[in-house]
1. Please go through the stretch 51-63 and give me each residue that is surrounded by 18 or more Cβ atoms within 10 Å (Cβ to Cβ) and part of a helix (DSSP H, G or I), ordered by number.
2. In the stretch 26-33, is there at least one residue being surrounded by 12 or more Cβ atoms within 10 Å (Cβ to Cβ), under 30 Å from residue 83 (Cβ atoms) and within 13 Å of the chain's Cα centre (by Cα)?
3. Among the residues of the stretch 4-22, is any within 22 Å of the chain's Cα centre (by Cα) and either assigned to a helix (DSSP H, G or I) or surrounded by 11 or more Cβ atoms within 10 Å (Cβ to Cβ) (or both)?
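Read-outs: derived from the displayed coordinates by stated rules, not from any lab. What you are looking at is a predicted structure, and each value in this text was computed from that prediction instead of being measured. Here the Cβ is made from the backbone with ideal geometry for all residues, glycine too, and neighbour counts use every protein chain on show.
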């Protein structure tokens, strides 16, 4: 075996090893995205399980506020559908509707002292508020994982391996523009 053959063989082995390292790194960032989404998914399911209980308790006291209760329930259903379908844009919009609906819901609940005194309502409200905060935190982790994946598959030389092996970009879970505006608290009390 000649020196040229040995050099070619070493170069080929180096390329294969380097390609393997890149592939493994791409797999790691892809699975980080999946794990981040699974964490959000668990919290969304927990929150979606708690919302009907909260609405059921509130219905006992808020007979005239049916529209508010229905708005939260419909937003929950849209969020579940978007979550099932993996539609990040629709999920972001539905999550925004839930947050706005819950804000309105809790503002309206202030007008019902008997409801505010109900321990089950208070416990569910605290639980849902805690889940909302956890979902926001997990959304940040998800978007960071998506960003790492998307940057990685766009950079040279990773892009060569990513395109060759079919690695794709993921969609960020975006905030609705109304979420980043200042909240008009007075309007919540007028509706």
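1. 51, 54, 55, 57, 58, listed by residue number.
2. Yes: the stretch 26-33 contains one or more residues that are surrounded by 12 or more Cβ atoms within 10 Å (Cβ to Cβ), under 30 Å from residue 83 (Cβ atoms) and within 13 Å of the chain's Cα centre (by Cα).
3. So in the stretch 4-22, the residues within 22 Å of the chain's Cα centre (by Cα) come out as none.
No, there is no match, as no residue in the stretch 4-22 is within 22 Å of the chain's Cα centre (by Cα) and either assigned to a helix (DSSP H, G or I) or surrounded by 11 or more Cβ atoms within 10 Å (Cβ to Cβ) (or both).
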